[in-house]
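Here's the structure we're looking at; comments come further down.
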Amino acid sequence: MNEQNQTFKILIAAPKLYRSEHSTALASKNEYLIVLCNSVAETVEKIQSEQPDLLLVEQNLPGLKPLDLIIKVRSSDPDTPIVFLSENEDNQAHNQLWSYGIDDLIKTEFSPIELQHRIARSLKMRRLIKLHNSLKRENTGLRKLSQTDGLTQLTNRRAFNDMMETEFAR
C-alpha cells in the first residue's frame, strides 16, 4: 500500500477527548480510522484485536494502571506510539509515565491542530522505526551473503580476512 494512501488506526481511550471537537477534527481526516474505548478493559481487549498504529490515552481514565497498559501495548507491538493526555501538572506522575516508555505527553490545554501534528509526528516516527528495523534485517542478510560462497555455502575469503583482523587485534 502506498504510504500516501495509508489509513492509520488510532485507538482512543480518552472519553473527554472524543466528546470534544478534537476527535471530530481527527476523524475528518481520511487517513485516520478512529477506534473509541470507554474503559480500561475495553482498551486492553482492543489493543489485541484492533492492533492500532497509535494509542491515545487519558491519564485519569478510571481504573487505569499506566504501567500495565504500556506493558500490554509493548508486548503486542513494541513500536506502537503511546500518547498520554494529562489534565494535571503533577511532574512526578509525568516523569513516571516517561520512565514507563510513553512516546508523548500532551497537556489538556491543546488545540486540535497541535493534536493532529503530534499524532502525525508519532506515526512518522513509527514508520521510520519500522523502516530502520527492516533495513537492519536486510543488512544482516546481505552481510551473510557477502561472506558466504553461493555454491558451497562455506565462508569465503572476505569473511576469512575479517576473522583474521579480529584475531590479530586480540
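The values are calculated or read from the model by the stated rules, or taken from the named source; none is laboratory data. Source: prediction; values computed, not measured. A quick note on method: Cβ atoms are made from the backbone with ideal geometry, for glycine too, and the neighbour counts reach across all protein chains shown. Remember, those area values only see protein heavy atoms, side chains included, never the ligands or the DNA or RNA. Shrake-Rupley method; radii C 1.70, N 1.55, O 1.52, S 1.80 Å.
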Original post:
Between Ile102 and residues 5 or more places away or on another chain, which pairs have amide H atoms under 5 Å apart, with H built 1.01 Å from N, and which residues are they?
Top reply: none
**OP:** May I ask you to rank Glu167, Glu89, Glu42 by accessible area, largest first, using a 1.4 Å probe over the protein chains only?
**Re:** Glu89, Glu167, Glu42
Original post:
So what is the calculated 222 nm ellipticity per residue for the chain, using -39500 (n - 2.57) for each DSSP H run with n of 4 or more, over all residues, to the nearest 500 deg cm²/dmol?
Top reply: -17000 deg cm²/dmol
Original post:
Nearest 20 debye, what's the magnitude of the dipole of the stretch 104-159 about its Cα centre given +1 on Lys and Arg Cβ and -1 on Asp and Glu Cβ?
Top reply: 220 debye
Subject >> Cα lying deepest toward the dipole's positive end in the chain, options Leu154, Pro15, Val83, charges on Cβ >> reply: Leu154
**OP:** Could you pull out every residue, at least 5 positions away or on a different chain, whose amide H is within less than 5 Å of the one on Asn156? Hs are placed 1.01 Å off N in the peptide plane, and Pro or chain starts have none.
**Re:** Thr148, Asp149
Original post:
Whole-Hz Karplus ³J(HN,Hα) for the stretch 93-98, in order, using 6.51 cos²θ - 1.76 cosθ + 1.60 and θ = phi - 60°, x for Gly and Pro?
Top reply: 5, 5, 4, 5, 4, 4
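Sort 137-150, 62-75 by packing, meaning the average of other beta carbons within 10 Å per residue, with the highest value first.
62-75, 137-150
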**OP:** Please figure out what share of the DSSP beta bridges in the chain is antiparallel and state it in percent, rounded to the nearest 5.
**Re:** 5 percent
Original post:
How many percent of the accessible area of the chain is carbon or sulfur, using a 1.4 Å probe?
Top reply: 51 percent
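Relative to the Cα centre, what is the charge dipole magnitude of the chain, using +1 at the beta carbon of each Lys and Arg, -1 at the beta carbon of each Asp and Glu, and rounding to the nearest 20 debye?
560 debye
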Subject >> Residues whose placed amide H lies under 5 Å from that of Val57, excluding near-sequence neighbours >> reply: Ala13, Val83, Phe84, Leu85
Original post:
Once phi is turned into ³J(HN,Hα) by the Karplus curve 6.51 cos²θ - 1.76 cosθ + 1.60 with θ = phi - 60°, what whole-Hz value does each residue of the stretch 163-170 show in order, with x for glycine and proline?
Top reply: 5, 5, 4, 5, 5, 5, 5, 6
Original post:
Where only protein heavy atoms count, and the probe is 1.4 Å, what is the accessible area per residue for the stretch 40-154 in Å²?
Top reply: 61 Å²
Original post:
If all Cα-Cα distances of the stretch 63-170 are sorted into 5 Å bins from 0 onward, what percent lands in each bin, rounded to whole numbers?
Top reply: 2, 9, 13, 14, 13, 9, 6, 7, 8, 7, 6, 4, 1
Original post:
Picking from Leu151, Leu85, Leu55, which is most flexible by a Gaussian network model of the chain using Cα springs under 10 Å?
Top reply: Leu151
